[in-house]
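Here's the structure, in structure tokens; my notes come after.
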Amino acid sequence: MPLKVLICGGGVAGPALAYWLARLGHHVVIVERFPALRATGAQIDLRGQGIETVKRMGLMDTVRGKLVDEEGVSVIDSRGKVKAAFLANKSGKGAQSLTSEYEIMRGDLVRIFHEATKDKVEYVFGKTVDSFTENELGVVAYFSDGSSDTFDLLVGADGQGSHVRKNIQPPGAPDEYRQLGVHMAYWIVPRTETDTNMSKSYIIPGGRMIMTRSHSKSETQVCFILISDSEELRNMPKTSVEGQKDFWAKRFHDAGWQTDRFIKGMHTTENWFCQNCVQIKTDTWHSGRVVLLGDAAHCPSPLTGLGTTSSLVGAYVLAGELARGENLSQALQNYSKTLRPFIDEVQQVNIWWIRKAVPTSQWGISILHLIIGLACFLRIPQLISRFSEDGGGDWKLPDYPELDVDHTKLNGN
């Protein structure tokens with residue numbers, strides 16, 4: 001029987017699930033707290049099983065048409081001199097390098113999923129689920145505009161700060177936030193002649209790093225990174241945007257290279273994001289008729305490069321288990337059992353190595369430049385990518401024949 005499904009969150013994970021469910025004939029409603037489609041954000045990538053998932057969705061050609069042409073990542077010094085370069089692995093074999101073969105702006109991927117679902121999925125913007133209860137008929141959602149409705153299934157795809165997750169955690173559950181001691185600020189500045197299709201990484205004493213990526217002929221992304229266990233930094237995303245910008249400007253004002261240009265652009269940008277990089281780890285992915293998806297369930301952090309991939313894989317697995325015809329409770333249990341091994345793999349982050357990658361002293365930075373420069377000269381990174389696999393290890397994407405539906409059905413043909 002068709003299900004009536006409410007998805008909280010219109011980013012990547014929610015619409016990806018809606019894509020599969022709409023193809024199966026379910027009635028899907030997506031509520032998004034922003035007043036319009038939030039097609040903004042940083043450059044993201046697809047890796048391993050995420051690439052295969054997009055292929056199974058039949059959207060790979062569309063995604064390819066929006067890919068960012070990034071050649072690789074270069075490590076530079078304060079004069080902009082390249083000390084090492086990690087090229088993208090575009091051989092079609094082995095693991096992706098620091099730059100994936102499938103780099104895309106988050107906004108473009110959001111628009112692709114919206115375009116693929118808008119005719120069969122009901123989108124409601126500027127609205128949230130304030131609370132929910134369950135009864136014999138289903139789960140009753142109470143919305144921010146005072147209305148309510150009953151659904152067979154409620155999906156929390158509302159990000160790492162998920163309101164849905166907070167409401168289904170059992171009493172006394174451990175803190176689901178794993179602190180990594182890494183903090184980021186991201187924004188966009190006008191592109192100049194010094195910006196190329198090579199991403200640049202510049203390490204500064206004091207546990208600081210600047211990354212740049214040029215995704216178009218007119219814009220360049222800037223990311224300031226700080227390694228710190230400071231409580232002030234953990235709470236920085238909760239302060240005002242102006243307060244955030246003032247903090248980051250003060251911490252990087254003496255960083256050298258093109259920092260003055262970046263800070264100037266920081267104060268005029270319309271695309272600003274400040275983040276405490278954490279992982280979400282919880283034993284509870286579902287309760288009754290409520291289930292978590294994507295970052296709300298298992299955010300791996302931006303440091304893994306697998307956030308988008310894990311969200312797409314999770315959406316595919318959840319849809320596949322729902323399609324198998326088991327009762328709802330069993331389908332949600334199977335979803336958790338099937339996906340857990342994959343998430344355990346992608347969440348393997350060695351904090352010690354993260355700190356070593358951003359030394360605090362100039363001496364440590366010089367040693368790092370020497371080591372990675374030699375490794376790149378000997379082509380060791382290319383060999384590692386060529387003969388290894390992306391995060392996720394040996395976990396294979398399940399086959400769900402039930403999801404193998406004619407693509408034209410989504411468009412009503």
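The values are calculated or read from the model by the stated rules, or taken from the named source; none is laboratory data. From a predicted model like this one, the values you see are computed outputs, not experimental measurements. With ideal geometry, Cβ positions are generated from the backbone for all residues, glycine too; neighbour counts draw on all protein chains shown. The area values use the complete protein model at the heavy-atom level, side chains included, leaving out ligands, DNA and RNA. Shrake-Rupley method; radii C 1.70, N 1.55, O 1.52, S 1.80 Å.
Restricting Gln333, Gln348 to those that are under 22 Å from the mean Cα position of the chain (by Cα), closer than 30 Å to Gln179 by Cα and open to solvent by 70 Å² or more (accessible area, probe 1.4 Å) reduces the list to Gln348. Taking Ser199 as the residue in question, decide whether it is open to solvent by less than 10 Å² (accessible area, probe 1.4 Å), assigned by the TED database to the domain that holds Thr40, in contact (Cβ under 8 Å) with a residue 12 or more places away in the chain and of a type in the set (Ser, Thr, Tyr). No; evaluated as a whole, the condition is false for this residue.
Only a single item in (1) among the hydrophobic types (A, V, I, L, M, F, W, C); (2) over 19 Å from the mean Cα position of the chain (by Cα); (3) surrounded by 17 or more Cβ atoms within 10 Å (Cβ to Cβ) is not met by Val68, and it is number (2). Of the residues screened, Thr284 is not one that is crowded, with 22+ Cβ neighbours inside 10 Å and either at pLDDT below 95 or β-branched (Val, Ile, Thr) (or both).
Of the helices (runs of 4 or more DSSP H) that lie entirely inside the stretch 284-384, those containing 2 or more residues that are of a type in the set (Asp, Glu) and over 25 Å from Gly206 (Cβ atoms) span 328-346.
Can you say whether Pro171 is touching a residue at least 40 places away in the same chain (Cβ under 8 Å), surrounded by fewer than 21 Cβ atoms within 10 Å (Cβ to Cβ) and not hydroxyl-bearing (Ser, Thr, Tyr), as far as the supplied structure shows? No: the conditions fail for Pro171. From the list Pro300, Pro401, Pro341, the lone residue that is at pLDDT 90 or above and surrounded by fewer than 12 Cβ atoms within 10 Å (Cβ to Cβ) is Pro401. Pro190 passes every criterion in (1) open to solvent by 10 Å² or more (accessible area, probe 1.4 Å); (2) in contact (Cβ under 8 Å) with a residue 60 or more places away in the chain; (3) not assigned by the TED database to the domain that holds Val358 apart from (3). Condition test on Gly305, is it open to solvent by 10 Å² or more (accessible area, probe 1.4 Å) and either under 26 Å from Arg106 (Cα atoms) or touching a residue at least 24 places away in the same chain (Cβ under 8 Å) (or both)? Spelling it out, Gly305 is indeed open to solvent by 10 Å² or more (accessible area, probe 1.4 Å) and either under 26 Å from Arg106 (Cα atoms) or touching a residue at least 24 places away in the same chain (Cβ under 8 Å) (or both).
Comparison of Thr196, Thr239, Thr268 shows that the only residue that is under 23 Å from Asp108 (Cβ atoms) and not charged (D, E, K, R) is Thr196.
Quick one: is Lys120 in contact with a Gly (Cβ under 6 Å, 6 or more places away or on another chain), touching a residue at least 12 places away in the same chain (Cβ under 8 Å), of a type outside the set (Asp, Glu) and open to solvent by 60 Å² or more (accessible area, probe 1.4 Å)? Here the answer is no, as Lys120 does not meet what is asked.
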